[in-house]
Amino acid sequence: MNGYTGLIDDYTMEKEALSYTDLQQWMQGMILRQGVEPGSKIAGHTIMDVVNASGRLSAMRHLDIYRGSYIARLRECMRNQFHTLAHALEAPLFEAFADDYLATYPSQSYTLNNLGERFPAFLEETRPDAGLALKETWPDFMIELAKFEYAISMIFDEAADGDTIMADEATPDEQLKLAPVLHLFHHSYPVCKYYLDHAQKKEPELPFPEESHCAVVRQHYKLGLFVVNRAQYHFLGLLQSRSSLAAAMESTGAQFQINMAGTIWEEWRKHFIGSGFFVRG
Amino acid sequence: MDIAANINSIRQLRNPGLGLGLRSKHFNHILEQRPAVDWFEVISENFMDSGGRPRHVLRQIAEHYPVVMHGVSLSIGSTDPLNKGYLKKLKALAAEVQPLWVSDHLCWTGVNGLNTHDLLPVVLNEESLQHICARINEAQDYMERPMVFENPSTYLTFKQSTIAEWDFLRYMTEETGCGLLLDVNNVYVSSFNNDFDPVHYIQQLPHQQVVQMHIAGHQHCGDYIIDTHDRKVVQDVWKLFNLAWQLTGGVATLLEWDNHIPEFDDYHAELLKARQYMDALAMDQLTGTETKQPYEPGIAVSNPVDFLVHSMEL
């Protein structure tokens, strides 16, 4: 037994040979197509026309190893990228959504980190109450959570200047500058709290609608997730859009009827510096 | 690029010893303990787009250890055009970490702009050989270095194949001057699945072009084997490693472990077993490689990739 059995001599030209290009189209089609059977054909070629049987396996079973691994492999990656959503939806429903998503939007990227990029939009497109006048609320939460989880995975790895110095209590106000990796989120559900509770293995229940805001900051390459209130969200958003500290305080004070010059700012300042929101400018 | 110059470059690559795959689970241990590992192999795609911790860690590790870049997405066998954006990032990463060499697989990952994220088998015939050699030359010209290609684990063969895989690999080296990464476990897995003799396969390779070996564990499912990279190396694979070590004269060797990844010290200990299999064994110890292994029917995933998705730290 020194060579491949059945490779060189046994190929009978019963059908016109597939070109190299067509053969790859054929195999990819067979892997991605659902419900393939031994008699299934692509470009007029069945599995037995293209794939060798071996001493132990039929041609179909050989191909099935690739077909089965394809979906299992990518489903696992989806579960890793959306682990909190998978908990919220529970495994069978998450798998059904993930499988449908992968069938509808097969990966077009060389990197798996983008695998779930269109998943939130897919959940929106396929929400079970689509077309109904009376909408259910839980799909809204799931879609917000999916967007948030994907965003977090991108923030974890986004490029940023690594040479910043974190601000501390002694840093003067005029030198406070927002951390280079800081993102703000506004949700109609307590998405960040749910995410954090799940991360801390608290088995959170599905939440009711409740407006929420949060900040995600990366410090020393680790992510920090912080629930913030509306006024803080507004204030940090102004700083992100390059308002000065004084202008952001004035706007926030006016809009939320709070005296930013007093103890409020002292508390926020301490909290924001302790949470890594500020670096030295 | 000059084929003879490539061949010469490949043959002058030094053997850095016994290496481990760099996995995020072990980042802190490696940075804090600086374990006595000869070198690390990094999955190129885990780092080439990273602007966060993975790239930051790699920079530090590359300062203290020799590094080899191993890719899974070049798709050298695909009939789609080579992805220039991918190659650009690959080259930029190589410029930054200065790897000993850059490797990928003899495979394709998708066509029509899609990516299955699998290492799909290539039909082995004159048409594919010409196509792939042209692409290797194109990639090597762009990268300005000879590249190294690994034999993948395969789970089917095509009726249209007319060239044995070991010959195909040899022709590749002759036409392009590329190097080979001999995955001994893949030879074993493919030989079981596709009815060929793994000893003959290894004997027929162009041994001077082999710059690296992979060893790994696999899952035996009864009537087929899946290359799961999730357990210790079986005795039969160690025997094949011994044969390959003798025939190549000893090359850089790496233990792959991509799923159910153990603690660093256990991973390293499994790698160091390779030292026991470097001395010559008698031929009768090398034949009859198919020994009884426990069968594990059920779902096993070939080429596990979930470790390619970043594990985040909060």
Counted residues in the stretch B:215-242 being farther than 24 Å from A:ILE65 by Cβ and buried (at least 24 other Cβ atoms within 10 Å of the Cβ) come to 1
Going through the stretch A:41-60 in order, the residues found to be touching a helix residue (DSSP H, G or I) at 6+ places or on another chain (Cβ under 7 Å) and more than 21 Å from B:PHE192 (Cβ to Cβ) are A:ILE42, A:ALA43, A:HIS45, A:MET48, A:VAL50
Of the residues in the stretch B:105-133, those that are assigned to a strand (DSSP E or B) and either facing chain A (nearest Cβ under 10 Å) or touching a residue at least 60 places away in the same chain (Cβ under 8 Å) (or both) number 2
Exactly one of B:LEU100, B:LEU20, B:LEU90, B:LEU13 is within 14 Å of chain A (Cβ to nearest Cβ) and modelled with pLDDT of 95 or more, and that one is B:LEU90
Just one listed residue, out of A:ARG73, A:ARG67, A:ARG127, is more than 7 Å from chain B (Cβ to nearest Cβ), without any contact (Cβ under 8 Å) to a residue 60 or more places away in the chain, surrounded by 15 or more Cβ atoms within 10 Å (Cβ to Cβ) and closer than 23 Å to B:ILE225 by Cβ, and it is A:ARG67
When the stretch B:48-89 is checked residue by residue, the ones that are of a type in the set (A, V, I, L, M, F, W, C) and part of a loop (DSSP other than H, G, I, E, B) are B:MET48, B:VAL72, B:LEU74, B:ILE76, B:LEU82
Per the filter on the stretch B:66-98, residues surrounded by fewer than 21 Cβ atoms within 10 Å (Cβ to Cβ) and under 21 Å from B:VAL251 (Cα atoms) are B:PRO66, B:GLN98
Pairs returned, first residue in the stretch A:98-111 that is more than 12 Å from every other protein chain (Cβ to nearest Cβ), second residue that is among the aromatic types (Phe, Trp, Tyr) and assigned to a helix (DSSP H, G or I), beta-carbon separation under 8 angstrom, 6 or more apart or interchain, are A:ALA98/A:PHE119; A:ASP100/A:PHE122; A:TYR101/A:PHE119; A:TYR101/A:PHE122; A:THR104/A:PHE122
*Hey, does the stretch A:148-165 have a residue that's buried (at least 19 other Cβ atoms within 10 Å of the Cβ), touching a residue at least 12 places away in the same chain (Cβ under 8 Å) and either touching a Pro at 6+ places or on another chain (Cβ under 6 Å) or more than 30 Å from B:LEU58 (Cβ to Cβ) (or both)?*
no
Those residues of the stretch B:157-182 which are crowded, with 24+ Cβ neighbours inside 10 Å and either touching a His at 6+ places or on another chain (Cβ under 7 Å) or of a type in the set (Asp, Glu) (or both) amount to B:GLU165, B:LEU181
Checked A:ALA199, A:ALA170 against criteria (surrounded by fewer than 18 Cβ atoms within 10 Å (Cβ to Cβ) and more than 14 Å from chain B (Cβ to nearest Cβ)); the one match is A:ALA170
Within the stretch A:106-140, residues being under 17 Å from B:HIS117 (Cα atoms), in a loop (DSSP other than H, G, I, E, B), in contact with an Asp or Glu (Cβ under 9 Å, 6 or more places away or on another chain) and of a type outside the set (Ser, Thr, Tyr) number 1
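The values are calculated or read from the model by the stated rules, or taken from the named source; none is laboratory data. These figures come from a predicted structure and were not determined experimentally. Positions of Cβ are generated from backbone atoms using ideal geometry, with glycine treated the same way; all protein chains shown enter the neighbour counts.
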